[in-house]
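Please treat every number below as a calculation from the coordinates, not as lab data. On a predicted model such as this, the values are computed, not experimentally measured, just so you know. Don't worry about glycine lacking a Cβ; one is built from the backbone with ideal geometry, like all the others, and counts go over all protein chains shown.
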Amino acid sequence: MHIPDVMMDAKTAVTTVALSAAGLALALRQARLHLPPRRVPLMGLAGAFVFAAQMLNFPVAAGTSGHLIGAVLCAILLGPSAAVVVLTAVLIVQCLMFSDGGVTALGANVFNMAVVGTLGGYAVYYLVSRSFKGLRGQVMAAAFAGWCSTVLAAMACAGELAMAGTLPWSKAFPAMAGIHMLIGLGEGLITALALVAIARTRPELLPETHPTPTPFRYGVAAVYGALISLGMAILLSPLASPAPDGLEHVADKLGFAEKPGDRPVLAAPIPDYKMPGVRSRTLATSLAGAAGTAVAFVLALILSRVLVPRSQAIHTPAPSK
């Protein structure tokens, strides 16, 4: 769902940059006020995991692939404001390092996936989870919210394509919403499975877990999680489906896809997730995935330290027993 430069015009680019900047500024403020300092290291873990997971395209119907957005999962673990920050960091890395999404379309991509996908999906999760109690209710809510998050982001993307004059709304909306309703099933399933795995193995990572007698070391968990994400990127990214994703499928079908001569506004050092100078396609993809995962981890961690300075995180008193 990463919009390239050629699908964006100036007015849409400026509008979406303004909307995304406003959303990110509010998210930064709210995260600084409400994110518990002890959970700050999890932002680095979330950035690494989301980047690695988004490289793992899974096949869907009609020769199309999709990938996890991860907005709802991040929002459940960190809160919606911190999740907006994490998704924004990942999208910046994807754009500037890999040309996955154009520079002029960065505002649109942030607005669709980081703002609409996160806040819309979390709103659905919040409402549904209040009606169904326990872990089963959380998992059901997360699955449905993950599906909604994907469809809402696709609808926002369709609106931008229409606003830019790339495709009329009457064609953009049914095409984008239709294919992403299928892709959203994968998003919902992966979100639910990840939540179950976390609840079974590391329930301390869930925000509603009661404090344990032994303080949980979030920093250590973040490092181990980042290493697991790095392993995912290295070992599994070469196995990702080569089929076009939802937006590429719609663009090919309706005739507004990028042409061979089209170039991004800003050349990326590792275009198309292939490390330059490496002959083996598998190794080139693995190295690119490892580099991107590491950078996403560091960038998200830097942003987290800006939100909550290290001294504040260290001296925050432990929860009373």
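A few remarks follow.
- Look at the dipole of the chain built from charges on Cβ: of LEU56, GLY120, ALA27, the Cα furthest out on the positive end belongs to ALA27.
- Value at 222 nm in deg cm²/dmol, rounded to 500, when DSSP H runs of n ≥ 4 in the chain each add -39,500 (n - 2.57): -21500 deg cm²/dmol
- Most mobile listed residue (ALA197, ALA290, ALA142) in the chain, GNM with C-alpha springs under 10 Å: ALA197
- Residues of segment 161-200 with amide N under 11 Å of a point placed 7 Å along Cα→Cβ from LEU206: 195-200
- Theoretical gain in end-to-end length, ARG217 to MET181 [0.36 nm per residue, Cα-Cα removed]: 9.1 nm
- Length, then width, then depth: along the principal axes, the Cα atoms of segment 56-176 run 45, 31, 27 Å.
- Kyte-Doolittle at least 0.5, axis length at least 27 Å by Cα - qualifying DSSP helices, the chain: 10-34, 134-163, 169-201, 281-307
- Residues SER237, SER304, SER170, arranged from fewest to most other Cβ atoms within 10 angstrom of their Cβ, appear as SER170, SER237, SER304.
- Whole-angstrom Cα spans of the chain along principal axes, big to small: 62, 47, 35
- Contour excess over end-to-end distance, with Cα ends at LEU283 and ALA123 and 0.36 nm allotted per residue: 53.6 nm
- Taking the Cα centre of the chain as origin and assigning +1 to Lys and Arg Cβ atoms and -1 to Asp and Glu Cβ atoms, the resulting dipole is close to 1060 debye.
- In this simple spin-label approximation, ILE228 and ALA10 carry label points 7 Å from Cα along the Cα→Cβ vector, and these lie 4.9 nm apart.
- Reported to the nearest whole Å, the Cα centre-to-centre distance from segment 58-90 to segment 119-152 is 14.
- Relative exposure of HIS34, HIS67, HIS180, judged by other C-beta atoms within 10 Å (fewest first): HIS34, HIS67, HIS180
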